[in-house]
Amino acid sequence: MLKKRLIPKLVCTSLGSSSSQQFRPVVFLSSGFRQTRLMSDLYSVAKILESQGADELICVFNTPSCISYDDICLVITKLSALLSTPLCIGGLSKYNQSYSSIFKAGADKICFNSLIMNKPDKVRQLISIYGSQSVVASADIKLSDGQYHTFDKDSTVVPQILPDWISLIHDLGFGELLVTSVDRDGNTSLGPDLKLLSSIVSISYLPLIYGGGLSSSLHFKDTFAYDVSGICASTYFLKNDHNINQLRSSLLNYKIPLRKLL
C-alpha cells in the first residue's frame, strides 16, 4: 500500500528585487487567496518543516514580474542543496520556458494551474517530455450557484465546472491532482470540504492532494477517509505551530498508512 503524505504548502513572494540583487523569497499566509501575513524566510521555514518530517514540500512562487526565471531557478538550487525532501514547484506559468532548468535545479515535480486552460497543447508536450509522474495539475475550486468551478483570482482563465476540468486533466495525461478549496483557504474553522472531495473521487482515478480548511488531526483523518494520497496545508503547519511529527503520530493511531519516522 502506498503511504499517505503530509505536505506543507509554501506560497512565496519576495522582499527586494532581482535588479537590486536583494531578492529574498519569503513565505506568506493567505485567506480566501488574499495575502494576510508575511511569515519568514523560505529557506528557514523549509528546513524546519523538513526536520519535523514533511513528506514533500509544495513551493508556489507568487512573485512580481521583476523576479526572473533565473532567480526562481537559483532559489530552487539553494532549496535542493538544503533539503532532502521532495520538492514540487508551482507559480511558473508566467515564464515561457521549457522548465528543464527547474528540474536541473533540483525540483522533483512541477505543477500548473492557469497554463492548463491557456496553453493545453504546451502542457501536453511538457507531460510527454517529463512524464506524467513529474507534472501535477493544480486547481483552485470554488462553490458557486450550487456547482464547483475552477477559480482564477486574476480572471485570466474562463471558469470550468469541475467535471469538465477533470475530463481535460485526464485527456492531457497528468499523473496527479492538487485541489485547493478557495472557500476554505486559510479558514481552518470550517474544516475540509468533504462534498468537494466526494465529487472529485467519484469522477477521477488520479492520485489526489487536497488542501483547505484543516485545523485538527480529526480533519486530516476525515480527509484521508476519501482515499486522497496527500494533504497539503499552509495555515495549519505555519500559523498554528502544529508539529508535523505530532500530527503523524496521531494519524498513525487512527491507522492512517503514513511513513513512520526513525
Open item on the list: Could you go through the range 238-260 and let me know if any residue there is touching a strand residue (DSSP E or B) at 6+ places or on another chain (Cβ under 7 Å), hydrophobic (A, V, I, L, M, F, W, C) and over 22 Å from S51 (Cβ atoms).
Closed with: no
- [ ] May I ask you to verify whether S199 is touching a helix residue (DSSP H, G or I) at 6+ places or on another chain (Cβ under 9 Å), at negative phi and in a loop (DSSP other than H, G, I, E, B)?
- [x] no
- [ ] Please work out if S181 is in contact with a Leu (Cβ under 8 Å, 6 or more places away or on another chain) and hydroxyl-bearing (S, T, Y).
- [x] yes
Task: I67 vs. criteria over 21 Å from L126 (Cβ atoms), aliphatic (A, V, I, L, M), over 14 Å from the mean Cα position of the chain (by Cα) and buried (at least 16 other Cβ atoms within 10 Å of the Cβ) - done: yes
Open item on the list: Regarding the range 116-124, can at least one residue be identified that is in contact with a strand residue (DSSP E or B) (Cβ under 6 Å, 6 or more places away or on another chain) and of a type outside the set (A, V, I, L, M)?
Closed with: no
Task: Single condition S229 does not satisfy, out of (1) buried (at least 19 other Cβ atoms within 10 Å of the Cβ); (2) among the hydroxyl-bearing types (S, T, Y); (3) in contact with a Pro (Cβ under 9 Å, 6 or more places away or on another chain) - done: (1)
Task: Residue check for S100: surrounded by fewer than 20 Cβ atoms within 10 Å (Cβ to Cβ), of a type in the set (S, T, N, Q) and closer than 28 Å to A54 by Cα - done: yes
TODO: Please enumerate the residues belonging to the range 47-81 that are under 16 Å from S234 (Cβ atoms) and either β-branched (V, I, T) or touching a strand residue (DSSP E or B) at 6+ places or on another chain (Cβ under 6 Å) (or both).
DONE: I48, L49, A54, D55, E56, L57, I58, C59, V60, F61, N62
TODO: Sort out which residues of the range 216-235 are at pLDDT below 90 and of a type in the set (S, T, Y), and write them in order of number.
DONE: S234, T235
Task: L214 being assigned to a helix (DSSP H, G or I), touching a strand residue (DSSP E or B) at 6+ places or on another chain (Cβ under 9 Å) and within 29 Å of F61 (Cβ to Cβ) - done: no
Task: Matching residues in the range 193-243 - criterion: being more than 13 Å from K9 (Cα to Cα) and β-branched (V, I, T) - done: I200, V201, I203, T223, V228
Open item on the list: Within the range 165-173, does at least one residue satisfy the condition of being touching a Phe, Trp or Tyr at 6+ places or on another chain (Cβ under 6 Å) and either modelled with pLDDT under 95 or in a helix (DSSP H, G or I) (or both)?
Closed with: no
Task: Residues that are crowded, with 18+ Cβ neighbours inside 10 Å and among the aliphatic types (A, V, I, L, M), drawn from the range 237-255 - done: L238, I244, L247, L251
Task: Some residue of the range 180-190 being more than 27 Å from S44 (Cα to Cα) and in a loop (DSSP other than H, G, I, E, B) - done: yes
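The values are calculated or read from the model by the stated rules, or taken from the named source; none is laboratory data. The structure presented is a predicted model; accordingly, all values stated were derived computationally and were not measured. Note that we place each Cβ from the backbone using ideal geometry, even for glycine, and neighbour counts take in every protein chain shown.
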